[in-house]
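These notes are about the structure you will find just below.
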Amino acid sequence: QVQLVESGGGLVQAGGSLRLSCAASGRTFTMSGMGWFRQAPGKEREFVAFIGWSTYYGDSVKGRFTISRDNAKNTVYLQMDSLKPEDTAVYYCAARVTSSVKTTPADYDYWGQGTQVTVSS
């Protein structure tokens, strides 16, 4: 089993920045690919970013968000800059066994509980 715990969400003004963290515990050595997704009220869960052997971003965040990982700390980060009101959502961390890029929620094996990000205009 793998446990994922997100932190770092909050309220920020448009144009501001936040950094989300996802701390992994348990059988973390089995997790090669880590992703961030988000879900706004009434909308489907949306792919945000992935890190494995490479990084990959959703079109709506490309150039503004940066995903990174610290393997020594079993932690993945999502640096979010130039935030917009449309970035408001619950952000989820997810993990999968292989390091190939996947953008569909069903391709992930483990999920965190989510952290709320609210961007005011």
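The values are calculated or read from the model by the stated rules, or taken from the named source; none is laboratory data. Note that the structure is a prediction, hence the values are computed from the model and not measured. Quick note on the areas: whole protein, heavy atoms, side chains included, nothing else; ligands and nucleic acids left out. Shrake-Rupley method; radii C 1.70, N 1.55, O 1.52, S 1.80 Å.
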- request: Express the accessible area of the chain per residue in Å², computed with a 1.4 Å probe while the remaining protein chains stay in the model.
  value: 51
- prompt: Want the number for S82 to R19: 0.36 nm per residue separation, take away the alpha-carbon distance, what's left?
  reply: 21.5 nm
task: Taking a cut-off of 18 Å between Cα atoms, list the lysines near K43, but don't count ones fewer than 8 places away on the same chain.
output: K84
task: For the range 107-112, take each phi angle, set θ = phi - 60°, evaluate the Karplus expression 6.51 cos²θ - 1.76 cosθ + 1.60, and give the result in whole Hz per residue in order, putting x for glycine and proline.
output: 7, 9, 9, 9, 9, x
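Share of the chain's accessible area from carbon and sulfur, percent, 1.4 Å?
Numbers: 3000 of 6170 Å².
Reported share for carbon and sulfur atoms: 49 percent.
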message: Need the list of aspartates and glutamates near K102 for cross-linking: C-alpha distance under 17 angstrom, and skip anything on the same chain fewer than eight residues off.
response: E44, E46, D59
- prompt: Cα to Cα, under 17 Å, and not fewer than 8 places away if on the same chain: which aspartates and glutamates meet these conditions relative to K73?
  reply: E6
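From the protein chains alone at 1.4 Å, what is the descending order of accessible area for W111, W36, largest first? All intermediate terms of the calculation are to be shown ahead of the outcome.
Details: W111 75, W36 0 Å².
Order by accessible area, largest first: W111, W36.
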